[in-house]
Amino acid sequence: METKTKIEEQIDIMEKISKINEGKNLKYYIFTMGCSLNENDSEKLCGMLEKMAYNKTEKIEEADIIIFNTCCIRENAEDKLFGKLGEVKKYHEKKGSIIAIGGCMMQQEHIVEKIKKSYNFCDIIFGTHTLYKFPEDLYKVILEKKHVQDIIDIDGNIIEGIPIKRSEKTKALVTIMNGCNNFCTYCIVPYVRGRERSRAPKDIINEIEELAKKGYKEITLLGQNVNSYMKSEKCNKIEEQDKQTSYGYVNSFADLLLAVNKIEGIEVIRFISPHPKDFTNDVITAIKKSKKVSKLLHLPLQSGSTEILKKMNRGYTKEQYLSLVKKIKEAIPDVRFSTDIIVGFPGETYEDFLDTLDVVRKVNFEQVFMFIYSRRVGTPADKMENQVPEEEKHVRFNELKELVEQQIEENNKKYIGTVHTILVEGKSKTNDKLLTGRTDSNKIVVFDGDENLINNIVKVQIVSEHMWYLKGKIVE
Ligand code: SAH
Ligand code: SF4
Ligand code: F3S
């Protein structure tokens, strides 16, 4: 009940602002950094802004309000933000554009201090737990013309009912849980997103049913640790009646997959990011049983060295990771894997790095997201000795990249002649005469076809391969 009132308060404020803005043709510009969770948060910010009579623009110079939804997973995100802030100062000064900064980076005290000191023209600074209060913060700026800082350090409740403006028409992001309890030693996420809090199954199912009614065909379930959904209910007790859905009783991630699989109209289900330690047998069985669940599984490795994995606090060894892959492959023969890898974690020797290459060779990933270790203030790894020199990190990164690209090239060849069931997502971004979609294994495919086919499922045969996409022709 309490959370309901919270959003109702904001809806009242949105109406008030909408009245103030009526007929003024005001525009907003939003810049989103980071992961899909942040993209989904931005869709909520857009939803709220449109309810307050702002329209989206891609031209930053004509925006009446400029919002940055930030990420702090690696240092380059910070450089990017400060560069952009330097740029928007002139719009604030000349045009009076309201500048708002939110997201993960704002949960870090030293960053907020820096903004207040060096970029003191920013009107609103809000954190990850207070996103739903954006209308209230904006109202204060409009009415009282004062700067607002709205950041709390305690885990916010899950707020249902925030308006949402989705950026895609065929596929949709659905956040099912917030936060992370894992505290991998390199990672800032647990500090900026708080502890794990799961949404009630009923709310998730309702949202996906609504999406299906609107014609959405692909759903990506999101969480920083998506397969530990409902495992930690300490902060957010879910009522028994909210576990009962029209598609069965949901009390785990596996149950949720099985339930979503039954929703008519939804054809493809993906989920990111799972943690290997929570890839339990019930999840494997649910994937196997659920026809619509993509057989490309993201299984973040981070490192192939048991020694480094221990220092990272990942909760598995090299051998345990490999045997999990083996177990999943045996259960689901057409499964493919994608992964995340960090090179240059403190204390990583060249031998440790060779273990990473070894796992990459053995698993033969479909996709590898590669990262150079970045020191994050406040994390245990930042204080570890034996930080790897930048130059050495780059050498290892390039070596890994070479292996990965070689594997992708080999794998791509195997696609030629094969036929895939593909959801037509739209026109190709690089050539608007072609349509685009993705294979179950998340490979981009472009092909000729009428634009009426957008949001339909077609059968496409692959005719040629390129490093980052495949070319095909519709066969059915
Ligand atoms: N919760 C997800 C991933 C979150 S962040 C998971 O556990 O898989 C996405 C990826 O960024 C991580 O998987 C990791 O590979 C990378 N990453 C996180 N912190 C990093 C750091 N300090 N430096 C470099 N890469 C990092
Ligand atoms: Fe970060 Fe680890 Fe949590 Fe992923 S599981 S968000 S890497 S702490
Ligand atoms: Fe970045 Fe926050 Fe996502 S730190 S990766 S935007 S959870």
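The values are calculated or read from the model by the stated rules, or taken from the named source; none is laboratory data. Quick caveat: nothing in here was measured; it's all calculated off a predicted structure. Glycine gets a Cβ as well: all are built from the backbone with ideal geometry, and neighbour counts include every protein chain shown. Surface accessibility is based on the protein's heavy atoms, side chains included, excluding ligands, DNA and RNA. Shrake-Rupley method; radii C 1.70, N 1.55, O 1.52, S 1.80 Å.
What to note about this one:
- Taken as a whole, region 81-104 holds at least one residue that is of a type outside the set (Gly, Ala, Ser), at pLDDT 95 or above, within 18 Å of the chain's Cα centre (by Cα) and assigned to a helix (DSSP H, G or I).
- Candidates are the residues of region 70-91 that are more than 16 Å from ligand 1 (Cβ to nearest atom) and closer than 26 Å to Cys187 by Cβ; the one that is surrounded by the most Cβ atoms within 10 Å (Cβ to Cβ) is Leu81.
- A single entry from Glu210, Glu240, Glu233 fulfils the requirement of being of a type in the set (Asp, Glu), open to solvent by 10 Å² or more (accessible area, probe 1.4 Å), at pLDDT below 95 and over 27 Å from Leu299 (Cα atoms): Glu240.
- Scanning region 294-315 for residues that are among the charged types (D, E, K, R) and either open to solvent by less than 10 Å² (accessible area, probe 1.4 Å) or within 16 Å of ligand 2 (Cβ to nearest atom) (or both) yields Lys310, Lys311, Arg314.
- Scope region 157-169; condition open to solvent by less than 40 Å² (accessible area, probe 1.4 Å) and either within 16 Å of ligand 1 (Cβ to nearest atom) or at pLDDT below 95 (or both); matching residues: Ile158, Ile159
- Screening Met52 on (1) of a type in the set (A, V, I, L, M, F, W, C); (2) open to solvent by 10 Å² or more (accessible area, probe 1.4 Å); (3) modelled with pLDDT of 95 or more shows it passes everything except condition (2).
- Pairing each residue of region 254-277 that is within 21 Å of Val424 (Cα to Cα) with any residue that is assigned to a helix (DSSP H, G or I) and within 16 Å of ligand 3 (Cβ to nearest atom), provided the two are 6+ apart or on different chains, yields C-beta distances under 7 Å for Phe271/Val226.
- Qualifying positions in region 245-276 - among the aromatic types (Phe, Trp, Tyr) and more than 16 Å from ligand 3 (Cβ to nearest atom): Tyr247, Tyr249, Phe253
- Taken as a whole, the condition of being surrounded by fewer than 16 Cβ atoms within 10 Å (Cβ to Cβ), in a helix (DSSP H, G or I) and of a type in the set (A, V, I, L, M) applies to Ile20.
- Filtered residues of region 108-126 (kept if in a loop (DSSP other than H, G, I, E, B) and either of a type in the set (D, E, K, R) or in contact with a His (Cβ under 9 Å, 6 or more places away or on another chain) (or both)): Asn120, Phe121, Cys122, Asp123
- Residue count for region 92-139, restricted to those that are within 16 Å of ligand 3 (Cβ to nearest atom), among the polar types (S, T, N, Q) and surrounded by fewer than 21 Cβ atoms within 10 Å (Cβ to Cβ): 1
- Among (1) without any contact (Cβ under 8 Å) to a residue 60 or more places away in the chain; (2) closer than 16 Å to Ile65 by Cβ; (3) under 21 Å from the mean Cα position of the chain (by Cα) - the single one Leu143 does not satisfy: (3)
Rundown of residues vs (1) polar (S, T, N, Q); (2) free of Cβ contacts under 8 Å to residues at least 40 places away in the same chain, yes/no style:
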site	(1), (2)
Thr5	yes, yes
Gln10	yes, no
Asn25	yes, yes
Ile30	no, yes
Glu50	no, no
Asn76	yes, no
Lys89	no, yes
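Residues checked against (1) buried (at least 16 other Cβ atoms within 10 Å of the Cβ); (2) under 27 Å from Met384 (Cα atoms); (3) among the acidic types (Asp, Glu); (4) assigned by TED's automatic domain parsing to the domain that holds Thr379:
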{"site": "Asn227", "(1), (2), (3), (4)": "yes, no, no, yes"}
{"site": "Asp255", "(1), (2), (3), (4)": "yes, no, yes, yes"}
{"site": "Val268", "(1), (2), (3), (4)": "yes, no, no, yes"}
{"site": "Thr280", "(1), (2), (3), (4)": "no, no, no, yes"}
{"site": "Lys292", "(1), (2), (3), (4)": "yes, no, no, yes"}
{"site": "Lys318", "(1), (2), (3), (4)": "yes, yes, no, yes"}
{"site": "Tyr321", "(1), (2), (3), (4)": "yes, yes, no, yes"}
{"site": "Glu330", "(1), (2), (3), (4)": "no, no, yes, yes"}
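- Count of residues meeting criterion [open to solvent by less than 20 Å² (accessible area, probe 1.4 Å) and either within 20 Å of Gly161 (Cβ to Cβ) or among the hydroxyl-bearing types (Ser, Thr, Tyr) (or both)] in region 173-189: 6
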